[in-house]
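A.B. asks: The structure follows.
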Amino acid sequence: MGSAAGSVMDVAARQIGEVFASQTGQAVVIENRPSAGGIVALEALREAAPDGRTLSLVHAMQMSAAPGLFPHLPYDPLVDFAPLGVLFRGPQVLTLNPAVEASSWPELLRLLKAHPGKYRYSTPGNGTPQHLTMELIKSTTGIDVQHIPYRGPAATLGVLSGEVDLMLEGVMPVLPHILAGKLRAVALGGLQRVAALAEVPTFHELGVAGIGTVWIGMVAPKATPDDVVQRLNAELSRAVNTPALRAAFESTGRIVSPGSPAEMSSTIRSETPVWRAIVQRARITPD
């Protein structure tokens, strides 16, 4: 997989792998090959034997946004892999430093429109899901907020310290800070609220359309036989739906929503032009 050991994706892969191994009797080995856009790991997967034994956990940006972010991407996410299905979705939550004089999205929107270019938001880097989604929010709502890219978790420290004013991040990394009153949550991506932040409305509820979630799914090499694809989809779906793993994911704001291979392909196909337009409009160059 294209994420570093200890990352959110790595932890999720190990949780899924442990359950998958216990229910199938098949040993699972996690191999981390981190790189920009997960390209190194996906190149290796493309060359792997299509026997269902080599898979990669991927997120939306590695499949849907990568063609826009990387003009010379060495593969086509829709052509060169066999989608196994989306497993869960991670809504991103917009948080503020408590010093920002807004306690809700409508108040924040008025504040940002009254002071274009004054306020700043942090991300873990250029071309990250947080960066692309914030640029989508900016494009949709007409706000002007400066982007301050950090390296990894330093983005959270930036908003906690007040060095920047706001940040969009997955629920899990910021939930303790929200509950402790160190960050203020005003809106959430996706179509449904999450139990971990039940009082926080979605952008959709607030009248801002099209702000989705970051989905996480699994892919296999292109020529993997259909019966193997369907069997893997069933076993992976069963794994994330086990009561213990589902509860663990939902307690950190994730939405467990396993889908079919065809649905995953359709999602990638529909999202790719949206992210390409955002990358071009905001002139995003990945780190």
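The values are calculated or read from the model by the stated rules, or taken from the named source; none is laboratory data. Note that the structure is a prediction, hence the values are computed from the model and not measured. Every residue, glycine as well, gets a Cβ built from its backbone with ideal geometry; the counts of neighbours run over all protein chains shown. To get the accessible areas, we keep the full protein, side chains included, count just its heavy atoms, and leave off ligands, DNA and RNA. Shrake-Rupley method; radii C 1.70, N 1.55, O 1.52, S 1.80 Å.
A.B. asks: For region 1-136, what % of the accessible area comes from carbon and sulfur atoms, probe 1.4 Å?
C.D. replies: After summing per-atom areas, the C and S share lands at 53 percent.
A.B. asks: Give me the one-decimal nm value for the distance between modelled label points at THR252 and LEU191, 7 Å along each residue's Cα-to-Cβ direction.
C.D. replies: Output for this residue pair reads 2.6 nm.
A.B. asks: Right, something else. Helix-derived [θ] at 222 nm for the chain: sum -39500 (n - 2.57) over DSSP H runs of at least 4, divide by residue count, nearest 500?
C.D. replies: That comes out to -12500 deg cm²/dmol.
A.B. asks: If I require 20 Å or longer along the helix axis, counting alpha carbons, and a Kyte-Doolittle average no lower than -0.5, what helices from the chain are left? Use full DSSP H segments.
C.D. replies: In the chain, the long hydrophobic H runs are 8-24, 226-240, 261-282.
A.B. asks: Return, ordered by residue number, the residues of region 4-41 whose backbone nitrogen is under 16 Å from a label point located 7 Å along Cα→Cβ of ARG238.
C.D. replies: 16-28
A.B. asks: Can you tell me which lysines have their Cα less than 29 Å from the Cα of LYS138? Leave out same-chain residues fewer than eight positions away.
C.D. replies: Hits, sequence-local ones excluded: LYS113, LYS118, LYS182.
A.B. asks: Grab the Cα-Cα distance for LYS113 and GLU18, subtract it from 0.36 nm times how many residues apart they are, and report the gain in nm with one decimal.
C.D. replies: The span from LYS113 to GLU18 would gain 29.4 nm if fully extended.
A.B. asks: For VAL8 and ARG151, calculate 0.36 nm times their separation in residues minus their Cα-Cα distance, and state this gained length in nm to one decimal.
C.D. replies: Between VAL8 and ARG151, full extension yields 50.0 nm more.
A.B. asks: Further question: For a quick protection proxy, order the peptides 250-259, 141-150 by their average other-Cβ count within 10 Å, most packed first.
C.D. replies: 250-259, 141-150
A.B. asks: Name the residue from MET9, VAL186, PHE70 whose Cα lies farthest towards the positive end of the charge dipole of the chain, charges +1 on Cβ of Lys and Arg and -1 on Cβ of Asp and Glu.
C.D. replies: It is VAL186.
A.B. asks: What is the antiparallel percent of DSSP beta bridges lying wholly in the chain, to the nearest 5?
C.D. replies: Of those bridges, close to 75 percent are antiparallel.
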